[in-house]
Amino acid sequence: MNEPDRGAPVIRPARDGDVDVLVAMVRELAAYEREPESARMGADQLRRALFGPSPTVFVHVAELGDVVVGMALWFVTFSTWTGCHGIHLEDLYVRPDARGRGTGTALLAHLASVAAASGDGRVEWSVLDWNEPALGFYRSIGARPLDEWTVHRLDGAALAELARRAGQPGEPRRRSG
């Protein structure tokens, strides 16, 4: 990899040509989070999600020089309590050699500006409870943990079993477009 420029990161929407590096960064993040085998997404899957007829996820990348060194992958949510959309940040990742240069802050600041410009009420994400560097970073930008909420997940065999209980096939979710 080229040595990134030492200047401020440039944040921009991902382009089709970024897909391979995005998949690589997802795998790097999974390895850091001690679950490399869980990162099974391929380039074609991400390309369809980002650039298909009804995009469901969005990515902004951070460049130092002409090298993509970070990403923020996110999707739109909706709060029934506030009646406003929000943003769920699925993955924030900055490559190790680009950390400490304001790249993560720049990505989150840009995402906050997207939310504010869209009238969204919040940006939310999950972080592993052992990831002290991330927890400290998030506190430093004013984020607060929601200790009273516990994330739940239904997947694999449990998802299939519960779906079977519906007694009839479900309909695919509607997408705007």
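Within segment 5-16, being farther than 22 Å from ALA39 by Cβ and either in a strand (DSSP E or B) or of a type in the set (A, V, I, L, M, F, W, C) (or both) holds for ALA8, VAL10, ILE11, ARG12, PRO13. Among the numbered criteria (1) in contact with a Leu (Cβ under 6 Å, 6 or more places away or on another chain); (2) farther than 23 Å from ARG15 by Cα, which single criterion is violated by TYR93? Against the list (1) in contact with a Leu (Cβ under 6 Å, 6 or more places away or on another chain); (2) farther than 23 Å from ARG15 by Cα, TYR93 comes up short only on (2).
Under the condition of being out of contact with any Gly (no Cβ under 9 Å at 6 or more places or on another chain) and surrounded by 11 or more Cβ atoms within 10 Å (Cβ to Cβ), the residues counted in segment 135-148 number 5. Please go through segment 69-120 and pick out each residue that is over 14 Å from the mean Cα position of the chain (by Cα) and of a type in the set (S, T, N, Q). Matches in segment 69-120: SER79, THR80, THR82, THR103, THR105, SER113, SER118. If you check ARG34 against the conditions, is it assigned to a loop (DSSP other than H, G, I, E, B) and free of Cβ contacts under 8 Å to residues at least 40 places away in the same chain? Criteria met by ARG34.
Across segment 74-85, a minimum of one residue is classified as at pLDDT 95 or above, surrounded by 14 or more Cβ atoms within 10 Å (Cβ to Cβ), among the β-branched types (Val, Ile, Thr) and closer than 25 Å to HIS152 by Cβ.
Looking at this structure, is VAL19 out of contact with any strand residue (DSSP E or B) (no Cβ under 6 Å at 6 or more places or on another chain), among the β-branched types (Val, Ile, Thr) and either farther than 17 Å from THR103 by Cα or assigned to a loop (DSSP other than H, G, I, E, B) (or both)?
Yes, satisfied.
Restricting attention to segment 99-113, does a residue exist that is surrounded by fewer than 18 Cβ atoms within 10 Å (Cβ to Cβ) and over 20 Å from ALA134 (Cα atoms)? Within segment 99-113, one or more residues are surrounded by fewer than 18 Cβ atoms within 10 Å (Cβ to Cβ) and over 20 Å from ALA134 (Cα atoms).
Yes/no per residue for (1) in contact with a helix residue (DSSP H, G or I) (Cβ under 9 Å, 6 or more places away or on another chain); (2) closer than 30 Å to TRP149 by Cα; (3) at pLDDT below 95; (4) not hydroxyl-bearing (Ser, Thr, Tyr):
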{"residue": "VAL21", "(1), (2), (3), (4)": "no, no, no, yes"}
{"residue": "PRO36", "(1), (2), (3), (4)": "yes, yes, no, yes"}
{"residue": "ASP44", "(1), (2), (3), (4)": "yes, no, no, yes"}
{"residue": "PRO55", "(1), (2), (3), (4)": "yes, yes, yes, yes"}
{"residue": "GLY65", "(1), (2), (3), (4)": "no, no, yes, yes"}
{"residue": "VAL69", "(1), (2), (3), (4)": "yes, no, no, yes"}
{"residue": "ARG99", "(1), (2), (3), (4)": "yes, yes, yes, yes"}
{"residue": "ALA106", "(1), (2), (3), (4)": "no, yes, no, yes"}
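Answer with yes or no whether HIS110 is within 30 Å of VAL10 (Cβ to Cβ) and in contact with a His (Cβ under 8 Å, 6 or more places away or on another chain). So HIS110 fits the description; yes.
The values are calculated or read from the model by the stated rules, or taken from the named source; none is laboratory data. Values in this document were obtained by computation on a predicted structure and should not be read as measured data. Don't worry about glycine lacking a Cβ; one is built from the backbone with ideal geometry, like all the others, and counts go over all protein chains shown.
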